[in-house]
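Okay, here's the structure, questions in a sec.
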Amino acid sequence: MPSLASIRPLRNIVIIVAAFAFLLLGVGMTLKITTDHLLRQDATSTARSWAQFLGTSVTDLEQIAGGEQPSAASIAFFLSARNSGEVFHYEIFNRNGYSQLVSTRDKIALVDLSEYSPDAARSIADGQPIVDVRKGNSVDQPAFFARAYVPVRADGRHIAVVAAYVDETEQRRSFHNAFLIAAAFLCLLSGLAFSIPAVAWYRETKVKQADRRIRFLAHHDALTGLTNRPHLIEKLERALAHLPTRGGGLAVHFIDVDRFKEINDTLGHDGGDFLLKSIAERLHAAVRVDDVVARLGGDEFVVVQSGIAGKAQAESFARHLAAASSASVTFKQHEILTTVSIGVTLAMAEDTTPERLLKSADLALYAAKAAGRNCIRFFVPEMDTELQARIELESALREAVLHNRFELHYQPLFEISQRRLVGFEALIRMPAADGTLIPPLTFIPVAEDLRLIDKIGTWVLQEACRIAATWPAHLTVAVNLSPQQFVAGTISDIVAAALKEAGLAPHRLELEITESLLLGNTETIMTQLATLKAMGVAIVMDDFGAGYSSFSYLWRFPFDKIKIDRSFMQGLDGSHCQVGTVVKAIIALGRELRMRVTVEGVETANQAAFLDAADGDQVQGFFFGRPIPASELGASILAGFARTMPPASPVTKLHVVNAAAER
């Protein structure tokens, strides 16, 4: 039996061990609770900051929330954001709480079937962000992440809700590792009081670093680190306000890299990004301390030169910038040789705005490109009229898109061999304020610049299919597609929806594309065209013979029809004696490839007679009928079109018009 003397030391040891165990447990529990609390605060702060940053950086957020395709700049931002290593998922909701766009690490896409989110709706109703931190419960989610629903306001109203999912797994592991190390040392050294300030300092440092990074990205371009467009506007406003006190003036140099798309296609996006960063560094090295260098996106840069005395000084500086930007660079053993076009505008007084200066410099840049690129052009007063006309056209175009204020006119297509009407081509027109019609060659390029062509193209498809469904079953309708409509990869879905809504058989729809569409990502485009062809619609190569006219397209993709460009018919009546031979050769080529051939721009009896003798397939032009609105395509006119017509003569129901006056 142990003695009392032997029991007491043992009991003391047990008490000491127990006390030490309680100390360890208390220290551990205290540090764990503190660390987890700080971790949740950090996750909440990071998620809220990233969501607010997205809301302020995406300029077309309201349009995306309304179901429109995001702009190229927004897609580039989403790609940059999702590769940041922290944000793995974005969602954009409309004001009613329904999802419109989802961006994950694998894809960026509009939502086909919107889902309702109570949290998104509640954030709009309360006007406050809703943030929660949770553990991942599926393979596509990180182990620990934060989710923030942030309502976005513009012009005093809520326009959308942005949800950002931020991966906090590494941050949590970092905090827990810090906890284990701190716990061991604090228990050994009894330094409990020193751990909390250390962890708090660590958290504060991380938050400050994240805030500094977010503030930097809010004012700078993510790729080059240069000033971005919103910050450039602010700097221009300050510079204009100081002109009266500092004296002198300023020059805005709008710089565009010539044929950048070709470089990007040849060397890939890595090569294009390398070139852009190299040019950014050279521009930054070429300017003075008080000057501003900005990147507006893509291959467009702006340099603001301050304290100038006049045009001569600005021109000399522009040449200096051109020389710095055009020096060769080497990327993966490939030497890149490029040039730049520069548009310059001057501001010698404060009676202007940053937006107007940028617009003026942009117009001057267009003039430089029109002059053959690799040159410098200054804004002149004559361009101001063009600028005002452009602004008015942009305003009218946005209004027309908003309210579907377009018209479709239909030009007939005739089959020569059987002398019968086979269909119509739908040609879009935009009514002007004075009642006249603006032709597509005027407003379509502007619509492409404004990223409105997708909405316009969808409306044209829907309207053309709706009208064609009321015609006799043997008549087809042809619709022109813009290359921009293929960017999002959803053109087949849009066409299928238009056919289904109108109840039009697919074989009655012809989709006309130009060769310029096939100059980009050819394999992707070919895949989309194959999908459309598999639906049963006809794919037509429009304006064949103009531009590049690569015959490889004809055997790489089985087009249903070739449309010979109108320039051939214009040359037929001139001094170009070989034009007729070329037209006959194209007709023979189409017949060998089992592709129908339509000749556009037939405007005279001689041209019609030539095509009749050449055994052509189809004809289209003012000689056979001008484009007319749908209201004139009544039963009596269609019946008149369907009647037999004499060889090489206009249809009785259609009057011959002056072609030059109709264009």
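Every number here is computed from the coordinates shown, using simple stated rules; none is lab data. Note that the coordinates shown come from a computational prediction; the quantities given were computed from them, not determined experimentally. Don't worry about glycine lacking a Cβ; one is built from the backbone with ideal geometry, like all the others, and counts go over all protein chains shown.
Could you list, in their original order, any pairs among 455/563; 311/332; 107/563; 369/584; 235/277 whose Cα atoms are separated by more than 30 Å?
311/332; 107/563; 369/584
Find the eigenvalues of the gyration tensor of the Cα atoms of the stretch 229-379, then list the square roots of 5 times those eigenvalues as equivalent ellipsoid semi-axes, largest first, in whole angstrom.
Details: eigenvalues 155, 44, 37 Å².
Square roots of five times the eigenvalues give 28, 15, 14 Å.
Still on this structure, please answer the following. For the stretch 565-630, which trypsin sites (Lys or Arg not before Pro) are in a loop by DSSP, counting at most 14 other Cβ atoms within 10 Å?
594
When DSSP beta bridges are limited to those with both residues in the stretch 403-662, what percentage is antiparallel, rounded to the nearest 5?
So the antiparallel bridges amount to about 40 percent of the total.
Among 352-363, 281-292, how do they line up by average Cβ neighbours within 10 Å per residue, starting with the highest?
In descending order of packing, they fall as 352-363, 281-292.
List, largest first, the extents of the alpha carbons of the stretch 403-662 along their principal axes, each in whole Å.
Reported extents, whole Å, longest axis first: 44, 42, 35.
Is the stretch 493-571 rounded, prolate or oblate when judged by the Cα gyration tensor, a ≥ b ≥ c being the square roots of its eigenvalues, rounded requiring a/c under 1.5 and prolate requiring a/b larger than b/c?
Oblate is the answer for the stretch 493-571, as a/c is 1.5 or above yet b/c matches or exceeds a/b.
Could you pull out every residue, at least 5 positions away or on a different chain, whose amide H is within less than 5 Å of the one on residue 546? Hs are placed 1.01 Å off N in the peptide plane, and Pro or chain starts have none.
Long-range HN contacts for residue 546: 565.
I'd like the GluC sites (Glu not before Pro) in the stretch 69-139 restricted to DSSP loop residues with at most 16 other Cβ atoms within 10 Å, sorted by number.
Passing sites in the stretch 69-139 are 115.
Using θ = phi - 60° and the Karplus curve 6.51 cos²θ - 1.76 cosθ + 1.60, what whole-Hz ³J(HN,Hα) does each residue of the stretch 579-585 get, with Gly and Pro shown as x?
Once θ is set to phi - 60°, the couplings for the stretch 579-585 become 4, x, 5, 5, 4, 4, 5 Hz.
While we're on this one: Take every Cα pair under 8 Å in the stretch 270-360 that's 6+ residues apart, average their separations, divide by the length, and report that relative contact order as a whole percent.
Relative contact order comes out at 21 percent.
Now, a different point. Ranked highest first by average number of other Cβ atoms within 10 Å, how do 308-318, 155-165 line up?
Packing order, densest peptide first, comes out as 155-165, 308-318.
Shifting gears a bit: Could you give each residue of the stretch 608-615 its phi-based ³J(HN,Hα) in whole Hz, using Karplus coefficients 6.51, -1.76, 1.60 with θ = phi - 60°, and x for Gly or Pro?
4, 5, 4, 5, 5, 6, 7, 6
Could you let me know the centre-to-centre spacing of the stretch 241-263 and the stretch 86-138, using Cα atoms, in angstrom?
Using only Cα atoms, the two centres lie 39 Å from each other.
Something else now. Most exposed first by the Cβ proxy, i.e. fewest other Cβ within 10 Å, how do 375, 465 rank?
Numbers: 375 17, 465 24.
Taking fewest neighbouring Cβ atoms as first place, the list is 375, 465.
Would you pull out the residues with amide H under 5 Å of residue 378's amide H, same chain only if 5 or more places away, H placed 1.01 Å from N?
Hits under the 5 Å cutoff: 344.
Under 19 Å Cα to Cα from residue 135, which aspartates and glutamates show up? Leave out anything in the same chain fewer than 8 places away.
36, 42, 86, 91, 119, 167, 168, 170
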